[in-house]
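No lab work stands behind these numbers, since they all come straight from the coordinates. Not measured: the values here are computed from a predicted model. Positions of Cβ are generated from backbone atoms using ideal geometry, with glycine treated the same way; all protein chains shown enter the neighbour counts.
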Amino acid sequence: MMDIDSVMRLAPVVPVIVIDEVEHAVPLAEALVAGGLRALEVTLRTPAALPAITAMKQVPGAVVGAGTVTNPEELEDALNAGAEFIVSPGLTEPLSRAAIAAQVPFLPGTANASDIMRGLDLGLRHFKFFPAMAAGGLPALKALAAPFGQVRFCPTGGIGPDNAAEWLAHDFVLCVGGSWVSPRGAPDKAKIEAMARDAMKLGS
C-alpha cells in the first residue's frame with residue numbers, strides 16, 4: 001500500500017470530487033487519469049459517494065480516496081467501499097487513531113499550529129491546509145509551515161488554475177486540492193481530460 005506522501009506526489013493537483021450520480025463516476029475517473037491526475041478524492045457529501053469510490057477503483061491507474069471523512073464510522077464505510085486514502089477537513093484524535101490503526105494513508109485538515117502539533121504527537125507529518133484561502137491564503141501557510149520543517153501540506157479551498165502554481169512553488173506544498181478539474185454533473189470527458197493535462201503542468 002502507498003503511504004500518504006506517495007499519494008500526494010502522484011500529481012500536483014488532487015481533484016476534489018462531488019458525485020451526484022454513480023454513473024458519472026467511471027467516465028470522470030477515466031478522463032482525469034487520462035489527463036495525468038491519478039489521486040482522486042471523492043467527498044462523502046452525497047449518497048452516491050461510496051458506490052462511486054467502488055466503481056472508480058476499476059479504472060486502471062486511478063488511486064481513489066475518500067474526502068470529508070469526519071469520524072471513525074465514516075472511515076470504516078470508506079474503507080469498506082475500497083478507499084485507498086482518507087482525507088478529513090479537520091483533525092480529531094478518534095479519527096486519527098482509527099486511520100493509523102487501519103494503516104491507511106491519512107490526510108487530516110488543519111489551519112492552525114495546535115492541530116499540527118496534535119498531529120505530530122500522533123506521528124502524522126502530512127496535512128490538508130483547509131480552508132486555504134479563507135484561512136489566510138499563502139501568507140498564512142508560509143507562517144504556519146516555518147516552525148514545522150518536517151511537515152508537508154495539500155492546501156485546499158479556494159485554489160484554482162489561476163493561483164495553484166503560486167502555492168506549488170513552495171517545498172512544503174506537495175500538491176493542492178481543487179474542484180475545478182472535476183465539475184459536478186455528467187462529465188464532458190474531452191474537456192475534463194484537457195483540464196487535467198493543464199493541471200499537471202502547474203507543478204512543473
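Couple of notes before you dig in:
- Farthest toward positive dipole pole in the chain [+1 Lys/Arg, -1 Asp/Glu at C-beta], among Ala25, Gly123, Ala83: Gly123
- Proxy reagent accessibility, fewest Cβ within 10 Å first, across His126, His170: His170, His126
- By the helix-only formula, in which each DSSP H run with n ≥ 4 contributes -39500 (n - 2.57) and the sum is divided by residues, the chain has a 222 nm mean residue ellipticity of -11000 deg cm²/dmol.
- Per-residue Cβ neighbour rank within 10 angstrom, fewest leading, Ser179, Ser6, Ser88, Ser96: Ser6, Ser179, Ser96, Ser88
- Cα-centre dipole for the chain with unit charges at Cβ (Lys and Arg positive, Asp and Glu negative), debye to 20: 440 debye
- Simple point charges give the picture: +1 on the Cβ of Lys and Arg, -1 on the Cβ of Asp and Glu, and for segment 123-184 a dipole about the Cα centre of about 220 debye.
- In the chain, lysine pairs closer than 24 Å at Cα, eight or more apart or cross-chain: 8
- Positive contributions from Lys and Arg (+1) and negative ones from Asp and Glu (-1), summed over other residues with Cβ under 15 Å from the Cβ of Lys191, come out at -1.
- Ranked list, fewest to most other Cβ atoms within 10 Å of each Cβ, for Lys191, Lys57: Lys191, Lys57
- Other-chain or far-sequence residues with amide H under 5 Å of Val176's (modelled H): Val13, Val14
- Annotation: the antiparallel percentage among DSSP beta bridges lying fully within segment 1-154 is about 0.
- Taking segment 4-201 and dividing mean pair separation by its residue count, relative contact order in percent (alpha carbons under 8 Å, at least six apart): 26 percent
- Karplus 3J(HN,Hα) series, Hz, for segment 156-173 with 6.51 cos²θ - 1.76 cosθ + 1.60 (x for Gly, Pro): 9, x, x, 9, x, x, 7, 10, 4, 4, 4, 5, 5, 6, 9, 4, 7, 9
- Listed residues Ala196, Val13, Leu168: farthest to the positive end of the dipole of segment 4-201 (Cβ charges): Leu168
- Close amide H pairs (under 5 Å, H built 1.01 Å from N) link Val87 with Ala66, Gly67, Thr68, Val69, Leu107, residues at least 5 positions away or on another chain.
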